[in-house]
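In what follows, a structure is listed as structure tokens, so that the remarks can point back to it.
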């Protein structure tokens, strides 16, 4: 492999990408992402909603698990649907479905209805993630610009989540969860309308074939990336499931957890604009950012793991802040790898399979934490989270080898293309 020459200035491709205006649909997707995240009350306040309906204990856990199962299902199904049915049709359909399902979940009371609507809400809640990823890959040809967009997309997600927590925390006790869930439904309706108005029916000529689940799940590169991402995102999910438990065991008030959340949000606001240009430069060329992904996994494991070594509010806040650079880099680097390994006809499916890692982490983190806390208290939680990050970094070694190999020759084109080619020759 020929080594890349050293540069004292940003590569011309990175400079050109930085000056190229983004398409209108990119702004629609970023603003829509911020909109549904800033009004994304369903997931963080579902437990409170169930308690208001008298569903607690084991049954509440089952309903929450169903939501997580729906989330996992929705990522893969919506990603595949985006390839087969089209990006706009799938996005509009998912957000229209979310509008109805969220409204039902807000109003229903029976346990069976809550369980079914929670599963369907999980399917729709994060459905735009793989569709938006595929749309960005379709619409932006150069990887530096894709990386820059991914960085700002992460920024929009986290800024929106901070708004959700702040607004929801202030209003839940005053107005209850029903108005918040209806607001979430209205935000999805607005995103559906914007997608229908501004997104093209097709971003490119439909491919002759669509990707299959079998092809995606037998791509070793994608499966290794999936494992790395799960290991890296378990510490991220620990922020919402493990951290509050440990802080409660340290007899810290809920305001201390809120302080750690605010500290993390401020770190995202400060560090994202600083890291995005660097990540865009690293994305120049066709060399996937597997090395940066490995580094980010270690940072996430060590950052969130350090929370198990403290009992002071400032220490917990410092752990959250320490993990933020890893989260930013992991999101952009993993997106870069997905873009470079996904066939054009399977971008949605590949993005969906990768996006499912967050749902798996959300389900797995509390289970892992419960085992760790019962086995060895807080220091063992620190060890487990650090081990997750290190495991992700180790898995990056075979992933790096595979993604840097030359691509295998393309498979033979379908019969209709062969016939058309023969007719042209004749």
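Quick check, is residue 97 free of Cβ contacts under 8 Å to residues at least 40 places away in the same chain and surrounded by fewer than 22 Cβ atoms within 10 Å (Cβ to Cβ)? In short, yes.
Reported count of residues in segment 161-182, each being at pLDDT 85 or above and surrounded by 19 or more Cβ atoms within 10 Å (Cβ to Cβ), is 3. Take residue 34 and tell me if it is in the same structural domain as residue 141 (by TED's automatic domain parsing), within 24 Å of the chain's Cα centre (by Cα), modelled with pLDDT of 90 or more and part of a loop (DSSP other than H, G, I, E, B). So residue 34 fails the test. Residue-level check: of (1) in a helix (DSSP H, G or I); (2) buried (at least 18 other Cβ atoms within 10 Å of the Cβ), residue 42 misses just (1). Within segment 197-211, track down each residue that is touching a helix residue (DSSP H, G or I) at 6+ places or on another chain (Cβ under 8 Å) and either farther than 30 Å from residue 38 by Cα or modelled with pLDDT of 95 or more (or both). Residues satisfying the conditions are 204, 207, 208, 209, 210, 211.
The values are calculated or read from the model by the stated rules, or taken from the named source; none is laboratory data. Nothing here was measured: the structure is a model prediction, and the numbers come from that model. Note that each Cβ is placed from the backbone with ideal geometry, even for glycine, and that neighbours are counted across all protein chains shown.
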